[in-house]
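Here the structure is laid out as structure tokens; the discussion comes afterwards.
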Amino acid sequence: MTETETYAPPPMFPAGRAVIFGGSGGIGRAVARALVAHGSPVALSYRNGREKAETVAEQLRRQGGDVTIGRADIQDAASVAGFLEAAARGCKIHSVIFATGPELYFDFVSTVRADAFRQFMEADVYGFMNIAQASLPYLRDGGGSITAVVTCGVRQWLMRDVLSIVPKTAVWSIVQGLSKEEGRYGVRANAVGVGVTDVGMGEREMQHSGESMQDFFERILKQIPLRRIGHADQIAETVAFMASQRASYVTGQLINVDGGLAG
């Protein structure tokens, strides 16, 4: 007689807190909502929008979430370190999520302004490096994870997306380095590539391109095999999985959530 094997999935997250840089933005807010729904306390960062962050935190608390907020200018290493120190008081940090970046608009490599390109590079690349370096001591203590929200264009160039693709490709490169160097400490590092979603498509990029929102979506939908726009919650659930114990043997990976846009 053979013994019947049963399987019980591990809890999504261990005891401790997840830290979300950019937690009051569109995707960051959805990630926070997903993590809270899966039972993890969260700490959300903001740079200037304290009121917005407090509103998000209060909404999550009404859903039963354990939520704290704090200011962090990710281009300032001391500011990032201070935010993480506050988030770690009284508990471990089990996950760090990078979900921040400047408001995007579309442009060609041939016409993008040098000052705009520099701004995006500094905000994403220097910012993520500050976060990674400051987070590692906390993540090594118990084997945590770092997950970066990037763009699906990391895998396949998308026209007029230079301000997103080039900085986020550098972020993805750092993620790969972390996965190779920090695995011996039990730290995992992964990325989630975002396609066209219902957040982040602000008026600024439409005005810059001279396109109406309707024209933009009609054009882009033809390029997406699933023929629909993604939702922030779909991104968030993938981020939550990659950060969780259920992906405990996954590191150095990029998963695109883009409806097939980047192939």
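The values are calculated or read from the model by the stated rules, or taken from the named source; none is laboratory data. In this text the structure is predicted, and so the values were computed from the model without any measurement. Quick reminder, even Gly has a Cβ in these numbers, built from the backbone with ideal geometry, and neighbours come from all protein chains shown.
Against the condition more than 21 Å from Arg246 (Cα to Cα) and of a type in the set (Gly, Ala, Ser), how does Gly101 come out, does it pass?
Numbers: more than 21 Å from Arg246 (Cα to Cα): yes; of a type in the set (Gly, Ala, Ser): yes.
Spelling it out, Gly101 is indeed more than 21 Å from Arg246 (Cα to Cα) and of a type in the set (Gly, Ala, Ser).
Table: residues versus (1) more than 17 Å from Phe128 (Cα to Cα); (2) polar (S, T, N, Q); (3) out of contact with any Leu (no Cβ under 8 Å at 6 or more places or on another chain); (4) buried (at least 17 other Cβ atoms within 10 Å of the Cβ).
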| position | (1), (2), (3), (4) |
| --- | --- |
| Pro9 | yes, no, yes, no |
| Met12 | yes, no, yes, yes |
| Gly23 | no, no, no, yes |
| Ser40 | yes, yes, yes, yes |
| Gly49 | yes, no, yes, no |
| Lys52 | yes, no, yes, no |
| Ala57 | yes, no, no, yes |
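Going through (1) in contact with a Gly (Cβ under 6 Å, 6 or more places away or on another chain); (2) under 25 Å from Arg184 (Cα atoms); (3) surrounded by fewer than 17 Cβ atoms within 10 Å (Cβ to Cβ) one by one, Gln133 falls short only on (1).
Can you find, within segment 174-198, the residue that is farthest from the chain's Cα centre (by Cα) among those that are crowded, with 19+ Cβ neighbours inside 10 Å and part of a helix (DSSP H, G or I)? Show your work before the answer.
Just the residues of segment 174-198 that are crowded, with 19+ Cβ neighbours inside 10 Å, to begin with: 174-175, 178-179, 182, 187-197.
Subset that is part of a helix (DSSP H, G or I): 174-175, 178-179, 182.
Working: Ile174: 14, Val175: 12, Leu178: 16, Ser179: 16, Glu182: 19 Å.
In this case the residue turns out to be Glu182.
Quick check on this structure: which one of Ile224, Ile235 is modelled with pLDDT of 85 or more and either closer than 26 Å to Met12 by Cβ or under 18 Å from the mean Cα position of the chain (by Cα) (or both)? Give the steps one after another, and end with the answer.
Values: Ile224 fails: either closer than 26 Å to Met12 by Cβ or under 18 Å from the mean Cα position of the chain (by Cα) (or both).
Result of the check over Ile224, Ile235: Ile235.
Consider Arg29 carefully, then state whether it is crowded, with 19+ Cβ neighbours inside 10 Å, under 16 Å from Gly144 (Cβ atoms) and of a type in the set (Lys, Arg). Walk me through it before giving the result.
Working: crowded, with 19+ Cβ neighbours inside 10 Å: yes; under 16 Å from Gly144 (Cβ atoms): no; of a type in the set (Lys, Arg): yes.
Criteria not met by Arg29.
Regarding Phe128, is this residue in contact with a helix residue (DSSP H, G or I) (Cβ under 9 Å, 6 or more places away or on another chain), under 14 Å from Ile165 (Cα atoms) and hydrophobic (A, V, I, L, M, F, W, C)? So Phe128 fails the test. Here Phe117 meets the list (1) out of contact with any helix residue (DSSP H, G or I) (no Cβ under 6 Å at 6 or more places or on another chain); (2) assigned to a loop (DSSP other than H, G, I, E, B) almost entirely, failing just condition (2).
Could we say that Ser145 is at pLDDT 95 or above, out of contact with any Ser or Thr (no Cβ under 8 Å at 6 or more places or on another chain) and either more than 28 Å from Ser244 (Cα to Cα) or among the polar types (S, T, N, Q) (or both) here? Reasoning before the result, please.
Numbers: at pLDDT 95 or above: yes; out of contact with any Ser or Thr (no Cβ under 8 Å at 6 or more places or on another chain): no; either more than 28 Å from Ser244 (Cα to Cα) or among the polar types (S, T, N, Q) (or both): yes.
Taking the combined requirement at face value, the residue does not satisfy it.
Within segment 152-185, the set of residues being modelled with pLDDT under 95 and in contact with a Lys or Arg (Cβ under 8 Å, 6 or more places away or on another chain) comprises Gly153, Val154.
Mind listing just one residue for me: the one in segment 82-91 that is at pLDDT 95 or above and not small (Gly, Ala, Ser) and, of those, nearest to Gln133 (Cα to Cα)? Show your work before the answer.
Going residue by residue through segment 82-91, those that are at pLDDT 95 or above are 82-88.
Of the ones still in play, those that are also not small (Gly, Ala, Ser) are 83-85.
Values: Phe83: 13, Leu84: 11, Glu85: 13 Å.
In this case the residue turns out to be Leu84.
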